[in-house]
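The values are calculated or read from the model by the stated rules, or taken from the named source; none is laboratory data. Computed from a predicted model, the values in this text were never measured in an experiment. Glycine gets a Cβ as well: all are built from the backbone with ideal geometry, and neighbour counts include every protein chain shown.
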Amino acid sequence: MAVLITGGTGQIGSFLCQSLLRSDEEVIIYDVKPNMENIKGFKDRVRLVEGDILDRNQMLETIRKYGVKTVYHLAAVVVIESRENPVKSASVNCLGTANVFEACSLADVERVVFTSSSAVIGRPDSYQKSVVTEDDVPHCPPDPYSATKIMNEVFGQHYYSRFGLKTLCLRISAGWGPGRYVGFTGVFNDMIRKLARGEPASLPQDFAYAKAPLRWVYVEELGDCLAFAGRVDEAKIRRRLYNVGTRRPFTPVEFVATLKQILPEAKLQAEWRDKPTESALNVAGPSGLDFDCTRFYDELGYKETLGLKESLERAIAFERAA
Ligand SMILES: NC(=O)c1ccc[n+]([C@@H]2O[C@H](COP(=O)([O-])OP(=O)(O)OC[C@H]3O[C@@H](n4cnc5c(N)ncnc54)[C@H](O)[C@@H]3O)[C@@H](O)[C@H]2O)c1
């Protein structure tokens, strides 16, 4: 029995892949435009199928051919491209995701783990509280990407209740670490890459709100979170959607202090803000709105393995070796 990852050569998919390989899973990657750089270290240990989630027949044939028991659906048009090309993002993220659920349902796949984003939460002024949980209905998605992710959440729930497909949505705070250097989290990763190489860098203004409660997960740990979600005992699953982020939030100030502990010679310029930037207001965490993730730990039983310091040490080592 194999597992299949749509978008498996992307930033998160490639780390999920490594996590699954550590548990000796037979991994099929299904990706429309494979990023060979992200999988160069283990490409011989996975089966790579070049395919589009918009092609439901190819999805179904692939799932049946390899006897796939679990699908991790990560393929998507993400934030920047989604803004530039709303039609493509509606097509891939909405129709493509519906295709994935339909193919999995027809092929009797045992579980589909898929990803939403804390981007669905929207701005803090939509809420009368400072912490949101899974029970808070998403308000006012700020862009096409977030709107498609809400649609994914609704369809996941529908395929579960109407067709009995065991969908499990992880609404991810954000993944940080190697593999993306443009966009909202990308500029943050780029800062770490520069510092790891001994170059000067500035803290991006979107992360300079000193009190922001960040629950960003290092991509390696995020790979483990997703792999865990594919394996967790069905009896423990009390809802079909879990917020996923670090158990305890950390502030940008804590992040910078940890970084300076590891790299005392780092030439990092940080100018702190006493409120979020306008663009950060759209993202839970940097906006000041906290994104509660305790149920993922308390109900499902996930055990965090990397703390902030260890995550940063790994990110720096990765960038130096790249
Ligand atoms: N990175 C984050 O911080 C973050 C946060 C929240 C949610 N997510 C979600 O996690 C998932 C993975 O994100 P990522 O950051 O790894 O994205 P990514 O852009 O790095 O990877 C996406 C992958 O999907 C593939 N893909 C795109 N269209 C496809 C199609 N039509 N058919 C098959 N494959 C296709 C791409 O080739 C790419 O390899 C996405 O669904 C994203 O919305 C990511």
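Within region 40-58, track down each residue that is part of a helix (DSSP H, G or I), within 14 Å of the ligand (Cβ to nearest atom) and either of a type in the set (Val, Ile, Thr) or farther than 19 Å from PHE101 by Cβ (or both).
LYS43 - this is the single residue of region 40-58 that is part of a helix (DSSP H, G or I), within 14 Å of the ligand (Cβ to nearest atom) and either of a type in the set (Val, Ile, Thr) or farther than 19 Å from PHE101 by Cβ (or both).
Might you let me know whether region 72-80 holds any residue that is surrounded by fewer than 17 Cβ atoms within 10 Å (Cβ to Cβ), within 20 Å of ALA229 (Cβ to Cβ) and out of contact with any helix residue (DSSP H, G or I) (no Cβ under 7 Å at 6 or more places or on another chain)?
No, region 72-80 contains no residue that is surrounded by fewer than 17 Cβ atoms within 10 Å (Cβ to Cβ), within 20 Å of ALA229 (Cβ to Cβ) and out of contact with any helix residue (DSSP H, G or I) (no Cβ under 7 Å at 6 or more places or on another chain).
Could you please give the count of residues in region 1-26 that are more than 8 Å from the ligand (Cβ to nearest atom), in a strand (DSSP E or B) and buried (at least 24 other Cβ atoms within 10 Å of the Cβ)?
3
Can you tell me which condition LEU165 does not meet? The list is (1) farther than 22 Å from LEU281 by Cα; (2) within 12 Å of the ligand (Cβ to nearest atom); (3) outside any helix (DSSP H, G or I), and all the others hold.
Failing condition for LEU165: (2).
Going by what's in this entry, would PHE228 be described as in a helix (DSSP H, G or I), modelled with pLDDT of 95 or more and more than 15 Å from the ligand (Cβ to nearest atom)?
Criteria met by PHE228.
Can you name the helices (runs of 4 or more DSSP H) wholly within region 248-322 that have at least 2 residues being more than 26 Å from SER116 (Cα to Cα) and of a type in the set (A, V, I, L, M)?
Once the helices (runs of 4 or more DSSP H) in region 248-322 are filtered for at least 2 residues that are more than 26 Å from SER116 (Cα to Cα) and of a type in the set (A, V, I, L, M), what remains is 252-262, 308-321.
Name the single residue, out of those in region 168-197 being among the aromatic types (Phe, Trp, Tyr) and not in a loop (DSSP other than H, G, I, E, B), that is farthest from the ligand (Cβ to nearest atom).
Taking the candidates together, the pick is PHE188.
Any idea which residue in region 81-111 is surrounded by the most Cβ atoms within 10 Å (Cβ to Cβ), counting only those that are under 21 Å from LEU241 (Cα atoms) and more than 13 Å from the ligand (Cβ to nearest atom)?
CYS104
Residue by residue through region 143-185, note down the ones that are surrounded by 18 or more Cβ atoms within 10 Å (Cβ to Cβ) and farther than 25 Å from PHE101 by Cβ.
TRP176, GLY177, PRO178, GLY179, ARG180, PHE184, THR185
Scan VAL49, VAL32 and give me the residue that is surrounded by 14 or more Cβ atoms within 10 Å (Cβ to Cβ), of a type in the set (A, V, I, L, M, F, W, C), more than 21 Å from the chain's Cα centre (by Cα) and over 18 Å from GLY230 (Cβ atoms).
One residue alone meets the criteria, VAL49.
Residue check: is ALA119 under 16 Å from CYS169 (Cβ atoms), within 15 Å of the ligand (Cβ to nearest atom) and modelled with pLDDT under 95?
Against the criterion (under 16 Å from CYS169 (Cβ atoms), within 15 Å of the ligand (Cβ to nearest atom) and modelled with pLDDT under 95), ALA119 qualifies.
Specify the residue that is surrounded by the most Cβ atoms within 10 Å (Cβ to Cβ); the eligible residues are those in region 198-222 that are within 12 Å of the ligand (Cβ to nearest atom) and part of a loop (DSSP other than H, G, I, E, B).
TRP216
Return the only residue of GLU81, GLU37, GLU61, GLU102 being without any contact (Cβ under 8 Å) to a residue 40 or more places away in the chain, in a helix (DSSP H, G or I) and more than 21 Å from the chain's Cα centre (by Cα).
GLU61
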